[in-house]
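The values are calculated or read from the model by the stated rules, or taken from the named source; none is laboratory data. What you are looking at is a predicted structure, and each value in this text was computed from that prediction instead of being measured. So basically every Cβ, Gly included, is an ideal-geometry build from the backbone, and we count neighbours across all protein chains shown. Ligands, DNA and RNA are stripped out before the accessible areas are found, and what is left, the full protein with its side chains, is counted by its heavy atoms. Shrake-Rupley method; radii C 1.70, N 1.55, O 1.52, S 1.80 Å.
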Amino acid sequence: MSTTHPTATEHRRTGGDLVVESLAALGARTVFGLPGQHALGVFDALRRSTLRYVGLRVENNAGFAADAYARATHGVAPLLVSTGPGALMTLAALQEAAAGSAAVLAIGSQVPLAGIGGGRHGYLHELTDQSASFRGVVKSVHTARTASQIPSAVAAAWESALSAPHGPVWLEIPQDVLLAEAGIPPVGELDATPRELLPRPELIAAAADRLTGARRPVILAGGGVVRSGAEEELRALAEQLGAPVATTFGGKGAFPWEHPLSLQSWLEDRYTTTFLEDADTLLVVGSGLGELSSNYHTFRPLGQVVQIEADLGKLESNHAALGIHADARAALAALVKEVGERGPRHTGAAEAAEEHAGAGGAGVAGGAGAPAPEAAVSDLLARVRDRIAGQQLDLEQQVLASVREALPDGAVSCWDMTILAYWAWSAFDPRRTNALHSAQGAGGLGYGFPAALGVAVADPARPVLAVSGDGGAMYSIAELATARQYDLPVTWLIVDDGGYGILREYMTDAFGEATATELTRPDFVALAESFGVPAVRTSPERLRTDLAAALAAPGPSVVVLPARLRMFAPTHLSS
């Protein structure tokens, strides 16, 4: 064991103090994490700082909590972990943060300086190259090898995490640097303001030409709209153009669900895919048109595509477009201004109705004189409803409706990778922006409950809902202790179907029967109560009432729903 620790009676500033001073100077108020031997220098410094520490029981869950905190606040979430096993346990969470553009600043310790460089010195937790494990996952990797490097390294990592597109970063500091006496004054001010990613004016002009000249403009809004806070600009542009708007699963809440121009989020639906394909100009904002957003890459645009994307790697990565590398809010604001200066579009209602009639087979509904885009939207949504209605999925729709009715309008929900979440991606109205978070970016299990804890830390005045299946719940069951320790207002809905339900469906459909999907699981009600967390077993008929009561009660709670749900039929397999 290391003998470099100071004695309990010593009181001196160390490299660990420089870490927490730097975070505080940059505006951090809360840090997540889990201590380990090499990181004790920074954890000791926390007790001398103003930072609030929220400790979880597993590093991966701490990463999920930090991810959701960053999404909820649109800011940076510091995550403190130790060397080797502790560091590596964060990788799945950091992959999700990268996919979801969450600004997580992960700070890990390292073996002492003498052990860095690839030699096999036999230090506890030693890896040949710890940073290499993170380079393919995070936006950037940073190292501080002396105390004087720490403030600048923290600031550089912070700026990288917060630059558009947001994303996770990794900073590591050797154990002896964290423990060594700091020979520099306390950190006062640090500036890590990221450069604003503005669109080029000539590209905005070209995009406005295409959009104002289009007869069937349509908008697909992704997570970049939510992350940049561009909801008002999106709505203004859609109304200027009379353009229907669909939102990706990551972009839910970017556009009002019940707006007459809202196509909602039925992206795993052939009617919607065809509607988007038939646009003569499709504006894609804050989405790379990846697997889920393109209905499993079956989307084939027939018209022009304009793509606004802050992540340069996603620009035109799947479809040729007029690519605009810019923050969604800045680009949409510029488009609203440019389109507004050109005056109203003059496409006649009858002419537009004829144009929209071919979109996804959607004819004009709503009676004579109805504006064509709104009528086409209404007709498309009716077709989607009819398709779902023909599949005998009343239980699934009842359960999702009960969740929506029980959840207060201002509340946030966090969803694990489970069948009910897959329904929510398409069919759930979050009723406000930035109010639904899920692991659909990287697709790892265990996100829902620790993410909800992170959201509750960000705003403890609002109830938060977590939704998991029984398989995913077992990934984060230890965090019931965290919820109880910090008395966080999170209600955890566990849909217990006795296994990995979605994998059971996939395997049965593909191979005729499922293997390795059935699980022995605990009595979740008794288990929650053993942590001091109130719990109830419910039924589909009582779900709305039981869930509403749990959400209204102070502190954490668990609601267990024994139910075997099914997915709606996919539409991409025959495309």
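Things to note:
- Among Ala24, Ala144, Leu46 - extreme Cα towards positive end, dipole of the range 1-145, charges at beta-carbon: Ala24
- The range 1-140: C-alpha gyration tensor shape, a/c 1.5 cut-off, then a/b vs b/c: oblate
- Fully extended contour minus Cα-Cα distance, from Glu529 to Ala401, at 0.36 nm per residue: 43.3 nm
- Estimated FRET transfer efficiency (Glu189, Leu113; beta-carbon r; R0 25 Å; 0.05): 0.30
- Sites matching trypsin sites (Lys or Arg not before Pro) across the range 147-238 that sit in DSSP coil, with at most 12 neighbouring C-beta atoms within 10 Å: Arg195
- Coupling constants for the range 169-177 follow from the phi torsions by the Karplus curve (6.51 cos²θ - 1.76 cosθ + 1.60, θ = phi - 60°), and in residue order they are 9, 10, 10, 10, 9, x, 4, 5, 6 Hz; glycine and proline get x.
- Computed from backbone phi, the HN-Hα couplings of the range 225-240 come to 5, 5, 5, 8, x, 9, 4, 5, 5, 4, 5, 4, 5, 4, 6, 4 Hz, rounded to whole numbers (Karplus: 6.51 cos²θ - 1.76 cosθ + 1.60, θ = phi - 60°; Gly and Pro given as x).
- Applying the Karplus relation 6.51 cos²θ - 1.76 cosθ + 1.60 with θ = phi - 60° to the range 263-268 yields 3J(HN,Hα) values of 7, 6, 10, 7, 7, 8 Hz, where x marks Gly and Pro.
- Of all accessible heavy-atom area on the chain, the percent that carbon and sulfur account for (1.4 Å): 52
- Accessible surface for Tyr53 stands near 70 Å², nearest 10, in the context of the full protein assembly shown (1.4 Å probe).
- Seen from a random direction on average, the alpha-carbon convex hull of the range 168-280 projects onto 12.0 square nanometres.
- Computed FRET value (nearest 0.05) for Met507 with Asp487, which takes r as the C-beta separation and R₀ as 60 Å: 0.90
- Length gained when the stretch Ala132-Gln392 is fully extended (0.36 nm per residue, less Cα-Cα span): 88.6 nm
- Full extension of the segment from Arg385 to His121, taken as 0.36 nm per residue of separation minus the current Cα-Cα distance, would add 88.7 nm.
- For the range 259-292 versus the range 477-512, the gap between their alpha-carbon centres in whole angstrom: 30
- Global form of the range 431-553, assessed from the alpha-carbon gyration tensor, a/c cut-off 1.5: prolate
- Classified by the C-alpha gyration tensor, the range 267-324 has an oblate form. Its axis ratio a/c, with a ≥ b ≥ c, is 1.5 or above, and a/b does not exceed b/c.
- Solvent-accessible area of Met474, all protein chains in place: 90 Å² (probe radius 1.4 Å, heavy atoms, ligands and nucleic acids excluded).
- Candidate aspartates and glutamates - alpha carbon under 20 Å from Lys314, same-chain residues fewer than 8 apart omitted: Glu96, Glu196, Glu277, Glu291, Asp327
- Identified option (computed semi-axes √(5λ) of the Cα gyration tensor in Å; candidates [x] 40, 28, 22; [y] 43, 30, 20; [z] 53, 29, 22): [y]
- Qualifying lysines (Cα of each under 25 Å from Cα of Lys337; at least 8 residues distant if same chain): Lys252
- Exposure of Glu541 as accessible area (Å², to 10), given a probe of 1.4 Å and all protein chains: 140
- Separation of the range 175-203 from the range 445-475 is 31 Å, based on Cα centroids.
- Amide hydrogen neighbours beyond the local backbone of Gln110, cut-off 5 Å, H modeled: Ile173, Gln175
- Ranking Leu190, Leu237 by solvent-accessible area of protein heavy atoms (1.4 Å probe, all protein chains present), from largest to smallest, gives Leu190, Leu237.
- Scanning residues 5 or more positions from Thr30 or on other chains, those with amide H under 5 Å from its amide H are Arg52, with H placed 1.01 Å from N in the peptide plane.
- Dipole orientation for the chain: of the candidates Gln391, Ala72, Pro85, Pro85 has the Cα lying most toward the positive pole (charges on Cβ; Lys, Arg +1; Asp, Glu -1).
- Test item: Cα-centred dipole of the chain, Lys/Arg +1 and Asp/Glu -1 on Cβ, debye: 580
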